[in-house]
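Asker: The structure's right below; bear with me while I get my questions together.
Read-outs: derived from the displayed coordinates by stated rules, not from any lab. Because the structure is predicted, anything quoted here is derived from the model rather than measured. Cβ placement follows ideal geometry from the backbone for every residue including glycine, while neighbour counts extend to all protein chains displayed.
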Amino acid sequence: MAVNQTSRSNRLIIFALATIVVGLGLYFYLSYFQFQLPTGTHANWQKLPILIFAALLGYLGARALNAALFDFVFRLRRHYEAPTLVRNIFTLLAFTILFVVTFRFVYPTYDLGSLFTTSAIFGVIIVLAPQDTPGNFLAVITLLADRPFQVGDVIVVGQQKHTGVVESISWRAIKIRTFQNHIVLVANSTAAKEAIEVSPRDNLNARLVFFSTIYTDSPAKTIHVVREAVRDADNVSDKITPIVRIRGLGDSSIDWEIKYWLDDYAKYNDTDALVRQRAWYTLRRSGLTFAFPTRTLYLERSAPRAVTPGNEIADRLSAVDIFAPLSNDELRQLADATVTHVFAPGETLIRAGDEGSSMFVVHSGKVAVQVSDRAGPRKVAELTEGNFFGEMALFTGEPRTANVVAMEETEVLEIGHAAMKHLFDTNPSLAESISLTIAERQADLARGSERAAQTSLHETEGLLASIKRFFGLH
Ligand code: CMP
């Protein structure tokens, strides 16, 4: 609203200034040559600037009349919004009348009608006439005057559904660049007859992406996990939260749609694909299943398979330094208690500030540990196969200290509170080595944020005591 008012008052000021400049120009010109219109004896060329000044004044007058009539009388008084085309025709007519009157006044001896038939104006009309029917010509005027879309907008036009970004609008055709990087020219007369779907560039345009799940999956869980996975994908607008909803109950599936809004609509093909990819990963991680045809549905319906076989997990855990003291039996028990998750590149595994009651071991892939402080986001570490993270919240009960984001497709093993407590009971030294790692990482985080940072023995001991307290150990 405020912006509108400012631009309106700016326009008013420019309009007033232009009128003053042109009026003064006319006044000085008239007084310099001491014109006696229309009876004076000046040469025709001397009168031409008068006509130009007067034409400019006429144009400004026509615009003022237009604003007074359509903005003041119609919009404010009668609450009627006139179409742009009507307003433009009105301006054109008002200007023509003012121009003809001025012309007659300045050049009383000339006949404007005969001028038309002999002049270049007539030539222009002759050139335009055979271009196409007058319909085409009118179509151009309608398109340019109404401006239903602009350069940069995505449009779908015609029965063949030509889709692409508008590159230019000329007197003959609309030029569209399709998503296969082809150019399509749609004649204006065709465009005027066809329905055009416009997705304006500066508008939050939405897309729908579909998927199906089996009937035994929980809808509430599906909505939650898919929405969270989609909302932080690239080019998905954070101004409106994506909507995940059931669009139908099919023969063999619950059919879903994801509605999301894009920052840059011209990239919707890539973004649709990313949204589908996110849906795939999150369904897989959450134990939800894409629908199969009914006949194979129950054959396929088994507990979601762990991506990685158990002995491979035990091998991986045995290579993690803090688990070195564990016996083979304990490693196998721990492996049985882990849950495997797969994350797509760019997905967030842990958000700073969240509650957390499990830790993770990187089984394959790579993650980045990031923190945000006054200086902006900062990468603290990269963790690869055999490294672990998430232990700080698990062992201290504090909120997560950093974001952990997958840098490539990453498979992690999740270890919960109960599994760790069981290990602490039989391996008291475990708590010590973990508290040492936590103290080091805390020092790293503090160093970056310019807080006092020293890992003293005293601090580590404090940490150890609080871990023991948290896990109820003695
Ligand atoms: P937690 O606080 O539960 O969640 C974020 C995790 O990032 C944290 O546990 C650590 O596992 C990990 N982390 C924090 N700081 C560092 C660091 N300096 N080096 C490696 N990992 C870290």
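Asker: Please give the length that would be gained between Ala220 and Asp329 if that part of the chain were fully extended, namely 0.36 nm times their separation in residues minus their C-alpha to C-alpha distance (nm, one decimal).
Answerer: Values: separation 109, 0.36 × 109 = 39.24 nm, distance 3.85 nm.
Full extension from Ala220 to Asp329 adds 35.4 nm.
Asker: Can you give the FRET efficiency for Ala68 and His42, using 1/(1 + (r/R0)^6), R0 = 51 Å, r = Cβ-Cβ distance, to the nearest 0.05?
Answerer: Numbers: r = 35 Å, r/R0 = 0.68.
So the FRET efficiency works out to roughly 0.90.
Asker: Order 235-244, 398-407 from most to least packed using the mean count of other Cβ atoms within 10 Å.
Answerer: Numbers: 235-244: 15.9, 398-407: 19.4.
Answer by packing, highest mean first, reads 398-407, 235-244.
Asker: Note down the nm distance, to one decimal, between modelled labels 7 Å out along Cα→Cβ at Leu93 and at Gln370.
Answerer: Each label point lies 7 Å from its Cα, and together they span 6.0 nm.
Asker: Hey, can you rank 367-380, 207-220 by average C-beta count inside 10 Å, highest first? Provide the component values of the computation, followed by the final result.
Answerer: On the way: 367-380: 13.9, 207-220: 15.6.
By packing density, highest mean first, the sequence is 207-220, 367-380.
Asker: Also, I was wondering about something else. Just tell me which lysines come within less than 21 Å, Cα to Cα, of Lys468; anything on the same chain fewer than 8 places away is out.
Answerer: Partners found: Lys421.
Asker: Spin-label point model (7 Å from Cα, Cβ direction): what's the Arg276 to Val86 distance in nm?
Answerer: Each label point is offset 7 Å from its Cα along the Cβ direction, giving 4.7 nm.
Asker: What are the aspartates and glutamates whose alpha-carbon lies under 17 Å from the alpha-carbon of Lys379, with same-chain residues fewer than 8 places away excluded?
Answerer: Those aspartates and glutamates meeting the cut-off are Glu347, Glu408, Glu440, Asp444, Glu450.
Asker: Still on this structure, I have one more. Starting from the Cα of Lys175, draw a straight line to each of the aspartates and glutamates and keep only those under 19 Å, dropping any in the same chain fewer than 8 residues away.
Answerer: The reachable aspartates and glutamates, counting only those whose Cα sits under 19 Å from Lys175, are Asp132, Asp146, Asp153, Glu167, Glu194, Glu197.
Asker: Got a sec to turn the phi values of the stretch 216-227 into Karplus ³J(HN,Hα) couplings, 6.51 cos²θ - 1.76 cosθ + 1.60 with θ = phi - 60°, whole Hz, x for Gly and Pro?
Answerer: 7, 6, 6, x, 4, 5, 4, 4, 4, 5, 5, 4
Asker: Relative to the present Cα-Cα distance, how much length would full extension add between Thr241 and Thr437 at 0.36 nm per residue of separation?
Answerer: That works out to 66.8 nm of additional length.
Asker: Additional query: How would you order 74-80, 286-292 from highest to lowest mean count of nearby Cβ atoms within 10 Å?
Answerer: On the way: 74-80: 10.4, 286-292: 17.3.
Highest to lowest by the protection proxy: 286-292, 74-80.
Asker: Could you work out how much longer the chain between Phe179 and Val21 gets when fully extended? Use 0.36 nm per residue separation minus the Cα distance between them, nm to one decimal. Spell out each step's value before the answer.
Answerer: Values: separation 158, 0.36 × 158 = 56.88 nm, distance 4.87 nm.
Between Phe179 and Val21, full extension yields an extra 52.0 nm.
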